[in-house]
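Data first, discussion second: the structure below is written as structure tokens.
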Amino acid sequence: MKPSELKYITPEIIEKGGINVSSPEMLDEARRYNMDAVTNNARRKRMQVTQGIWLIIQIPLLIASVCMHLTLETLTDFEAFRAGDFGAIMSYARIAAMFIGLFAYLGLFGYYIIFRFQRDPKIMFLCSFPAMMTTGFGVLVVLINVISAYIYTHREEKFAEEAGYPAFVRLNVTTIDSDSTHISDITYDSIKERTKHLRSDDEEFL
């Protein structure tokens with residue numbers, strides 16, 4: 001629900017977290033807002049959790065891929081050494097580049113992406129780029145990170161257009177002189193009954 005679609009619910013009401021309705025129209029708008037707020041909040045949290053899981057597990061996965069790559073290369077080098085084929089042995093420069101890329105990735109990614117919670121695709125690419133110096137899996141990590149960051153920012157922009165962003169607080173809906181604390185306790189008749197004493201006997205409600 002866009003803010004422009006709201007007639008009775010204002011940003012101040014959303015910030016306060018409650019609204020006292022005095023007409024069925026207000027009640028209907030509050031109900032629709034609460035339904036959208038619950039849905040948007042669940043979707044946004046699910047998006048954050050999904051990306052958060054990937055951002056965390058990729059670190060041990062990349063480290064494991066480096067260790068596995070070095071293990072396999074060591075076994076291959078040993079066979080090449082026994083065969084006298086020294087040209088096939090992995091160079092120290094390649095090993096150094098692999099570890100430089102790994103530690104640069106851990107430092108940049110850990111600080112800007114995990115600690116500072118940056119989600120811009122360009123920043124994600126720059127912080128993930130050193131992983132490409134490690135193994136083929138590092139290239140895949142960079143690609144997935146950029147794509148996921150783009151999807152995340154695009155969806156976040158869509159959520160920002162919705163009323164109640166970013167917390168999407170569900171409003172506590174009450175009626176005039178009512179102790180109701182839940183929207184399911186409020187009906188048209190309850191609103192009409194509680195407004196009778198505020199109007200003259202011959203005045204028609206709504």
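What ³J(HN,Hα) values, in whole Hz, does the Karplus curve 6.51 cos²θ - 1.76 cosθ + 1.60 give for the range 18-23 when θ = phi - 60°, with x put for Gly and Pro?
x, 9, 9, 7, 10, 7
Using label points projected 7 Å from each Cα along Cα→Cβ, tell me how many nm separate Lys2 and Arg155, to one decimal.
2.2
If amide hydrogens are placed 1.01 Å from N in the peptide plane, which non-local residues have theirs closer than 5 Å to the one on Asn172?
The answer is Gly18, Ile19.
No value in this document is a laboratory result; all are computed from the given coordinates. What you are looking at is a predicted structure, and each value in this text was computed from that prediction instead of being measured. Positions of Cβ are generated from backbone atoms using ideal geometry, with glycine treated the same way; all protein chains shown enter the neighbour counts.
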